[in-house]
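Here is the structure we will look at, set down as structure tokens.
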């Protein structure tokens, strides 16, 4: 059975991630990455376009927001969020991510 967060915990985490996207100087870029689906240096989130962009972006933002958590804990939270959010929430979150791309960024 898939891990699911309570609606209250999911909303709280998503609010923190939205706030992070809105207030911090975080940019989102796409690049092919070897073994990982994404990576971050806490200012730029690199997403592999060949992988699940939404799940990877949530994962990397959780790393920025919850720096003290282990990879295993972050992975579990990501899975819980992905199994809890609605299609509308996913679409809205992706729109927010696109706004964080640099203005002169060229998609390939």
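The values are calculated or read from the model by the stated rules, or taken from the named source; none is laboratory data. Since the model is a prediction, treat every value here as computed from it, not as a measurement. Heads up, the Cβs are rebuilt from the backbone with ideal geometry, glycines too, and the neighbour counts pull from every protein chain shown.
Results, tabulated for the structure shown:
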{"item": "Strands (runs of 3 or more DSSP E) enclosed by segment 24-73 - at least 2 residues per element that are out of contact with any helix residue (DSSP H, G or I) (no Cβ under 7 Å at 6 or more places or on another chain)", "result": "27-30, 44-47"}
{"item": "Residues satisfying the stated conditions in segment 82-91, i.e. assigned to a helix (DSSP H, G or I) and crowded, with 17+ Cβ neighbours inside 10 Å", "result": "82, 84"}
{"item": "The lone exception for residue 79 - which of (1) surrounded by fewer than 17 Cβ atoms within 10 Å (Cβ to Cβ); (2) at pLDDT 90 or above it fails", "result": "(1)"}
{"item": "Selection from segment 7-30 of residues that are in contact (Cβ under 8 Å) with a residue 24 or more places away in the chain, surrounded by fewer than 17 Cβ atoms within 10 Å (Cβ to Cβ) and more than 18 Å from residue 46 (Cα to Cα)", "result": "7, 9, 16"}
{"item": "Yes/no for residue 3 being part of a loop (DSSP other than H, G, I, E, B), on the phi > 0 side of the Ramachandran plot and modelled with pLDDT under 90", "result": "no"}
{"item": "Selection status of residue 33, surrounded by 14 or more Cβ atoms within 10 Å (Cβ to Cβ) and more than 13 Å from residue 94 (Cβ to Cβ)", "result": "yes"}
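One line per residue, one yes/no per condition, for (1) closer than 20 Å to residue 4 by Cβ; (2) surrounded by fewer than 17 Cβ atoms within 10 Å (Cβ to Cβ); (3) free of Cβ contacts under 8 Å to residues at least 60 places away in the same chain:
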| site | (1), (2), (3) |
| --- | --- |
| 37 | no, no, yes |
| 52 | yes, yes, yes |
| 72 | yes, yes, yes |
| 93 | yes, no, no |
| 96 | no, yes, no |
